[in-house]
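Everything on this sheet refers to the single structure shown next.
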Amino acid sequence: MSAVPFIDQLAGVYQAAAAGLPGARTPAVAARRTAALEVFRRLGLPNHKLESWKFTGLNALERQSWSPPANEGGVDAARLKAATLDADSYRLVFVNGRFDAAASRIGTLPRGVTLLPLSAANTALSDVLAAAGTDRAVSLSELNAALASDGVVLLLDDGVVLEQPVEILAFGVPALVNLRHLIRLGRNARATVLESYRDGGIAAPGWTNVFAHVAVGEGARLSHIRLQGENASAYHAALGQVSIGAGARYAHASVQAGAALARHELHVTFAGGAAEADIQGLVLARGKAHLDHTLFLHHAVPDCRSNQLFKHVVDDAGHAVFQGGIRVAPHAQKTDAQQLSRTLLLADRAQIDTKPELEILADDVKCSHGASIGDVDAQQMFYMQARGIPAAEARRLLLSGFAYEVVSAVPEGALRDHVEEFVEVWLAEKGAAA
């Protein structure tokens, strides 16, 4: 454990990095960063005393020594190629917490589209660094505001349809990295975003802290895919805040398949009637990995629909967490909110904590939740082995079928193929280790 208290250590990280952070010469931005650090110093890390953090502790972060990421370095070409989409896209790559222009590919943007790294955002910085809340449950967002070294700003004007997906690709490093994203779609705009966090090739503890603000305007459509697969020593904490306008649709698919500890927390608010949210997730945990999906959906207006489907494959001494909170406001009649969690535990020491939370304050609603926990079906295994399929391959095929329901939520084509390959690599490694 470091001799310097954890909070003071992070203050030292800020002091070391402050002059090189985006907006350092802009008084308002510098003041916002300083204030955010003071909020985090006062609140500290979220802990088990908070109901939303009951199953996930961050004490391990306090036992490490953290420093700002190096200013130089890159990722090897083979690792970059394996992590990128095999299709035309707008790609922003981040290494050591900084935009890597050489590895990125933005090109010419359609009229009405702003796409740039946070480090080049200039006048938009104050908007990007806006507070996400000031309670301890989201205190990491304030640490992020203080230390955010880069990220993505994607803004679409009304009616703009972005045909190619936007790739946000970050490689983990043995340091504290803070990335902050702003995604805002105007009225009737459409876009697809693939957000991916990958192993940077250095098997040492790193901490990636991410905050994303997403606003889907009236009638807009956003497909948002998130892949997280850092090394087995890494720590990853992400908070996303999503607002969905009237008649808009937000489709989200999240796959977690790496890290010592990873938590993806998503807060979704329905800001207009007839809005939809389809949120699906897949956890693939092995070794001693602790992987957490936590969601809070606030049905604040009438006539909105949400669907949550989360699946977990947990092996060895892995630990998965799913918390799915749904709140239906008193006037939010005609709400349709469905939630389902399904888990396969493949070893005696594998664990899952599942906690649905439904707060329904309206009477004309359709809301449900369900959860199941089990192992691979023995009869299906017997059927496949009886037809000459080796046990390891039969198990892999069944796990692949279990996962595919979430994979199929990704738009068809190169995107779905990319996510499927991400999942199949994990399953193949599982088969080789079986």
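The values are calculated or read from the model by the stated rules, or taken from the named source; none is laboratory data. This is a predicted model, so every value here is computed, not measured. Quick reminder, even Gly has a Cβ in these numbers, built from the backbone with ideal geometry, and neighbours come from all protein chains shown. To get the accessible areas, we keep the full protein, side chains included, count just its heavy atoms, and leave off ligands, DNA and RNA. Shrake-Rupley method; radii C 1.70, N 1.55, O 1.52, S 1.80 Å.
Within the stretch 80-118, restricting attention to residues that are polar (S, T, N, Q) and open to solvent by less than 70 Å² (accessible area, probe 1.4 Å), which residue is nearest to residue 204 (Cα to Cα)?
Looking only at the stretch 80-118, we keep the residues that are polar (S, T, N, Q), and these are 84, 89, 96, 104, 108, 114.
Adding the requirement that they be open to solvent by less than 70 Å² (accessible area, probe 1.4 Å) leaves 84, 89, 96, 104, 114.
On the way: 84: 23, 89: 31, 96: 14, 104: 25, 114: 36 Å.
Checking each candidate, the answer is 96.
Evaluate the stretch 312-325: report whether one residue or more is in contact with a Ser or Thr (Cβ under 7 Å, 6 or more places away or on another chain) and open to solvent by 40 Å² or more (accessible area, probe 1.4 Å). Scanning the stretch 312-325, I find no residue that is in contact with a Ser or Thr (Cβ under 7 Å, 6 or more places away or on another chain) and open to solvent by 40 Å² or more (accessible area, probe 1.4 Å), so the answer is no. Under the condition of being in a helix (DSSP H, G or I) and touching a helix residue (DSSP H, G or I) at 6+ places or on another chain (Cβ under 8 Å), the residues counted in the stretch 95-137 number 6. Just so you know, in the stretch 266-297 the residues that are open to solvent by 10 Å² or more (accessible area, probe 1.4 Å) and of a type in the set (Asp, Glu) include one that is farthest from residue 237 (Cα to Cα), and it is 276.
A quick yes/no check of all residues on (1) open to solvent by less than 20 Å² (accessible area, probe 1.4 Å); (2) closer than 21 Å to residue 10 by Cα; (3) in contact with a strand residue (DSSP E or B) (Cβ under 7 Å, 6 or more places away or on another chain):
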residue: 120; (1), (2), (3): no, no, no
residue: 125; (1), (2), (3): yes, no, no
residue: 146; (1), (2), (3): yes, yes, no
residue: 150; (1), (2), (3): yes, yes, yes
residue: 155; (1), (2), (3): no, no, yes
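Picking from residues in the stretch 395-424 that are buried (at least 21 other Cβ atoms within 10 Å of the Cβ) and over 19 Å from the mean Cα position of the chain (by Cα), the one that is nearest to residue 255 (Cα to Cα) is 399.
Conditions tested, residue by residue: (1) over 21 Å from residue 82 (Cβ atoms); (2) touching a Cys at 6+ places or on another chain (Cβ under 9 Å).
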| position | (1), (2) |
| --- | --- |
| 204 | no, no |
| 213 | yes, no |
| 277 | yes, yes |
| 283 | yes, no |
| 311 | yes, no |
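Apart from one condition, residue 280 fits all of (1) free of Cβ contacts under 8 Å to residues at least 60 places away in the same chain; (2) on the phi < 0 side of the Ramachandran plot; the exception is (1).
In the stretch 157-195, of all residues being open to solvent by 10 Å² or more (accessible area, probe 1.4 Å) and of a type in the set (Lys, Arg), the one that is farthest from residue 102 (Cα to Cα) corresponds to 187. Scanning the stretch 355-404 for residues that are within 18 Å of residue 324 (Cβ to Cβ) and of a type in the set (Asp, Glu) yields 357, 359.
Picking from residues in the stretch 7-49 that are small (Gly, Ala, Ser) and assigned to a loop (DSSP other than H, G, I, E, B), the one that is most open to solvent (accessible area, probe 1.4 Å) is 24.
Is it the case that some residue within the stretch 56-79 is of a type in the set (A, V, I, L, M, F, W, C), part of a helix (DSSP H, G or I) and open to solvent by less than 70 Å² (accessible area, probe 1.4 Å)? Checking the stretch 56-79: at least one residue is of a type in the set (A, V, I, L, M, F, W, C), part of a helix (DSSP H, G or I) and open to solvent by less than 70 Å² (accessible area, probe 1.4 Å). Which condition number does residue 89 fail, the rest of (1) at pLDDT 95 or above; (2) within 15 Å of residue 149 (Cβ to Cβ); (3) touching a Pro at 6+ places or on another chain (Cβ under 7 Å) being met? Residue 89 satisfies all of (1) at pLDDT 95 or above; (2) within 15 Å of residue 149 (Cβ to Cβ); (3) touching a Pro at 6+ places or on another chain (Cβ under 7 Å) except (2).
The rows are residues; the columns are (1) at pLDDT below 95; (2) surrounded by fewer than 18 Cβ atoms within 10 Å (Cβ to Cβ); (3) among the charged types (D, E, K, R); (4) within 26 Å of residue 403 (Cβ to Cβ).
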residue	(1), (2), (3), (4)
328	no, no, no, no
344	no, no, no, yes
353	no, yes, yes, yes
369	yes, yes, no, yes
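Residue pairs whose Cβ atoms lie under 6 Å apart, separated by 6 or more positions or on different chains, with the first residue in the stretch 66-84 and farther than 18 Å from residue 16 by Cα and the second at pLDDT below 90, are 79/201. The residue pairs whose first member lies in the stretch 153-176 and is free of Cβ contacts under 8 Å to residues at least 40 places away in the same chain and more than 12 Å from residue 113 (Cβ to Cβ), whose second member is open to solvent by 50 Å² or more (accessible area, probe 1.4 Å) and outside any strand (DSSP E or B), and whose beta carbons are closer than 6 Å, counting only pairs six or more residues apart or on different chains, are 174/202. Looking at 316, 278, 303, just one residue is among the charged types (D, E, K, R) and over 30 Å from residue 218 (Cβ atoms), and that residue is 316.
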